[in-house]
Each structure stands twice: as structure tokens, then as C-alpha cells.
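What follows is a single structure, written as C-alpha cells, with notes after it.
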Amino acid sequence: GSLPKWVVNKSSQLLAPKAMKKMYKACLKYPEWKQKHDPHFKPWLFPEQSRLPALPLSELSLQHADSLENIDESSLAESKDDRGEASDEDSVN
């Protein structure tokens, strides 16, 4: 099922700011934490440190943009439900 719009709106107003504050505080403490927890292990900078198994190139495939499906939605009208209750277009009128 889908969530009612009011649930999404309330959670965006209340939960999202709290989550961002917690993330901000955690980010401030990260340099100190990293100094105590394997400070030289940085696989995002040094791929040779990665502990993940290597993926054989034979399992990879290239996908070119021209082979992707093109869907033309230019003729579709946007319904009021798709825009939400308070879209920018509604506030102009």
C-alpha cells in the first residue's frame, strides 16, 4: 500500500530535520572516531585496500545509452494528484 500524504508531509517536517541533526553531530565526531578505528584503512581512496571479492570482467556488460528504452511522456498531462496538494503552480494562481 501507499502512505497517506499527511503521513509523508508530517514525517518530512518532523523526522527529516531530526535525522539531519543526528547525522550532522555524527559527522562532527567522525575524525576522532576514525583515529581510533583503523585510521589508515580507506578503501574509497585506496582500492587495493578493499576486502570485497573482485568481480570478473567477464560478468560485466556495457549498456549504451542509445540501446536504452526511450519513453516519450511529452503528450501526457500532469494530474493534480501527481503534483501534490501544494505545488508551485497552484501558489501562483
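Could you identify the single residue in Ser74, Ser2, Ser79 that is at pLDDT below 90 and open to solvent by 100 Å² or more (accessible area, probe 1.4 Å)?
The match here is Ser2.
Which count do you get for residues in the range 5-32 that are open to solvent by less than 100 Å² (accessible area, probe 1.4 Å) and aromatic (Phe, Trp, Tyr)?
1
The values are calculated or read from the model by the stated rules, or taken from the named source; none is laboratory data. Note that the structure is a prediction, hence the values are computed from the model and not measured. Ligands, DNA and RNA are stripped out before the accessible areas are found, and what is left, the full protein with its side chains, is counted by its heavy atoms. Shrake-Rupley method; radii C 1.70, N 1.55, O 1.52, S 1.80 Å.
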